[in-house]
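So the structure is just underneath, and the comments pick up after that.
The values are calculated or read from the model by the stated rules, or taken from the named source; none is laboratory data. This is a predicted model, so every value here is computed, not measured. FYI the Cβ positions are ideal-geometry reconstructions off the backbone, even for glycines, and counts take in every protein chain you see.
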Amino acid sequence: MPGIETYNGYTWNMAQFRITIVLCFALAAAPLPAFSHNLPLSVSQALKQAGIPKSAAGIYVHEIGAAKPMLAINASVAMNPASVMKLVTTFAGLELLGPAYTWKTELYASGILNGDILQGDLIIRGYGDPRLNLENFWLLTRRLRQTGLREIAGDLVLDNSYFDTPIGDPAAFDGKPYRAYNIFPEALLVNYRTLSLRLIPRSESKTVRVVVDPLPDSLDLSNNLKLIDGKCGDWHDALGADIRTGMNGNSRASIAFNGVYPIDCGEKTLLLGLHDSPTYTFGLFRQLWTEQGGVFRGKVRLGTAPEGLLPLEVHESPPLAEIVRDINKFSNNISARQLYLALGMTSGAAASPATGLINDTGSGRTPATLAKSGAAIRQWLTSRHLHFPELIIENGSGLSRNERISAANLGGLLLAAFQSPVMPEFVSSLPITAVDGTMKKRLNGTPIASQAHIKTGSLEGVRTMAGYMLDKSGRRVAIVFFVNHPKSGNAQSAMDALLEWVYKRP
């Protein structure tokens with residue numbers, strides 16, 4: 001018959017044979033299978049140009065709902081995630097505490113109330129509120145004034161007993177003890193214990209105005225900054241700040257700016273923690289209390305609220321759903337550490353994710369510890385059938401040289417979070433490419449703008465990102481990219497290349 005041939009005992013229809021050959025070539029030209037250990041060429045070239053070997057990168061890419069990842073490079077290797085570790089802390093917080101969870105701060109009158117005068121001490125007891133900032137502390141003092149109290153004859157007593165955490169050296173991490181991110185957690189942490197110094201260039205006079213908020217009586221400021229032309233660069237170091245604290249055995253602090261400030265920087269804000277907590281809280285309370293017509297006669301000291309005493313006023317923080325947005329979008333280390341300590345006080349919720357069943361942290365006397373938080377995280381992971389044997393979590397913020405997790409396991413966490421009841425709150429807390437947070441200035445003017453929710457991380461020798469992307473075909477994809485290498489500061493182009501590859505894939 002025409003078109004029929006016999007070869008090695010097999011009979012072939014030549015028309016079918018030609019079709020088979022064509023299909024083979026078509027398959028060879030088709031995209032790679034769903035799973036690959038091969039870096040996309042654009043990412044590989046970007047890493048090479050940055051001087052970063054493939055062995056220093058951990059990558060995991062997995063489409064939501066797919067059985068296998070589409071890309072896994074060194075994905076099982078434990079690596080330092082930097083601030084991307086906040087994804088573990090915030091997801092655990094949303095499930096264990098619930099999106100509506102709030103922290104309390106209680107005010108007690110220890111003494112005799114005689115009309116509008118307290119003949120005794122005012123006690124403030126904290127439970128780790130991550131958002132007891134300047135505005136909310138002002139609200140707390142205003143509500144206290146609205147009780148009718150006008151004069152406090154005794155002392156201001158600060159009750160920090162709800163946290164039992166080690167006293168650390170704020171300079172230990174990077175030798176910058178006054179930078180806000182190095183402030184340790186406290187049960188009563190008012191305004192993150194920071195001073196906000198706004199640097200405002202004035203081109204007409206070639207000067208820089210420095211505005212301090214709040215401005216304490218215990219601060220001496222000397223501004224000798226010179227405004228210069230030039231690129232912004234590392235403006236922090238250019239300030240030539242000379243900081244001194246605890247002068248002459250008292251609580252005063254001083255800061256002198258003796259450097260330069262490039263005009264291209266525009267307006268910047270420098271956050272510093274120069275005072276210990278009692279000095280800072282006392283100065284701010286007295287200032288706000290006086291502004292509202294109150295009178296304060298005493299001093300400040302640490303202590304505890306007596307058991308059985310009813311609070312005079314109770315302040316509640318914003319809900320956790322709002323606080324995790326601040327933690328993830330702006331990488332707030334202090335709030336992340338406060339939240340991490342709250343996780344250790346959960347009870348029973350780890351066996352039932354997203355129930356919000358927890359201990360009443362506003363009534364117990366058992367303090368929060370890092371050990372309790374670590375145990376709560378592992379119990380919660382187990383309840384979620386997530387097994388992370390390589391996990392090392394020290395403080396929950398990623399501000400650590402020791403914390404570790406693999407790209408694959410963090411990717412697994414993202415997949416689990418997308419199926420969680422708290423998914424909307426979790427995803428919306430992540431920075432949006434070219435829109436807000438730490439991704440506001442990334443990928444502007446590209447097709448990826450506004451298409452991805454990505455948390456970033458950065459330490460010396462570490463650059464990371466993790467989150468979700470909606471690709472051009474409308475598929476949602478979880479993405480994790482770690483780089484642990486001395487040249488990690490050059491890794492952004494490779495990370496952007498991976499986002500572009502995922503977005504444009506067939």
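Taking the condition of being farther than 21 Å from LEU195 by Cα and either modelled with pLDDT under 95 or among the polar types (S, T, N, Q) (or both), how many residues in the stretch 284-305 meet it? Residues that pass the stated criteria total 3. The numbered conditions (1) over 20 Å from the mean Cα position of the chain (by Cα); (2) surrounded by 23 or more Cβ atoms within 10 Å (Cβ to Cβ) are all true for ALA78 except (2).
Scanning the stretch 154-199 for residues that are under 18 Å from LEU270 (Cα atoms), hydroxyl-bearing (Ser, Thr, Tyr) and crowded, with 18+ Cβ neighbours inside 10 Å yields a count of 4.
With a requirement of 2 or more residues that are touching a residue at least 60 places away in the same chain (Cβ under 8 Å) and either buried (at least 16 other Cβ atoms within 10 Å of the Cβ) or outside the structural domain of ASP217 (by TED's automatic domain parsing) (or both), the helices (runs of 4 or more DSSP H) lying completely within the stretch 233-337 that satisfy it span 277-291, 320-329. For the stretch 338-348, a residue qualifies if it is crowded, with 20+ Cβ neighbours inside 10 Å and more than 26 Å from ALA466 (Cα to Cα), and the qualifying residues are MET345, THR346.
The residue of the stretch 111-153 that is nearest to GLY294 (Cα to Cα), among those that are surrounded by 19 or more Cβ atoms within 10 Å (Cβ to Cβ) and of a type in the set (Gly, Ala, Ser), is GLY120.
Regarding ASP471, is this residue surrounded by fewer than 23 Cβ atoms within 10 Å (Cβ to Cβ), farther than 30 Å from ALA371 by Cβ and touching a Phe, Trp or Tyr at 6+ places or on another chain (Cβ under 6 Å)?
Details: surrounded by fewer than 23 Cβ atoms within 10 Å (Cβ to Cβ): yes; farther than 30 Å from ALA371 by Cβ: yes; touching a Phe, Trp or Tyr at 6+ places or on another chain (Cβ under 6 Å): yes.
Against the criterion (surrounded by fewer than 23 Cβ atoms within 10 Å (Cβ to Cβ), farther than 30 Å from ALA371 by Cβ and touching a Phe, Trp or Tyr at 6+ places or on another chain (Cβ under 6 Å)), ASP471 qualifies.
Regarding THR366, is this residue assigned to a loop (DSSP other than H, G, I, E, B) and surrounded by fewer than 17 Cβ atoms within 10 Å (Cβ to Cβ)? Against the criterion (assigned to a loop (DSSP other than H, G, I, E, B) and surrounded by fewer than 17 Cβ atoms within 10 Å (Cβ to Cβ)), THR366 qualifies.
Residues in the stretch 109-144 that are in a helix (DSSP H, G or I) and hydroxyl-bearing (Ser, Thr, Tyr): THR141 alone.
Do we find a residue being touching a Phe, Trp or Tyr at 6+ places or on another chain (Cβ under 8 Å), not polar (S, T, N, Q) and not assigned by TED's automatic domain parsing to the domain that holds GLY437 anywhere in the stretch 108-122? Scanning the stretch 108-122 turns up at least one residue that is touching a Phe, Trp or Tyr at 6+ places or on another chain (Cβ under 8 Å), not polar (S, T, N, Q) and not assigned by TED's automatic domain parsing to the domain that holds GLY437.
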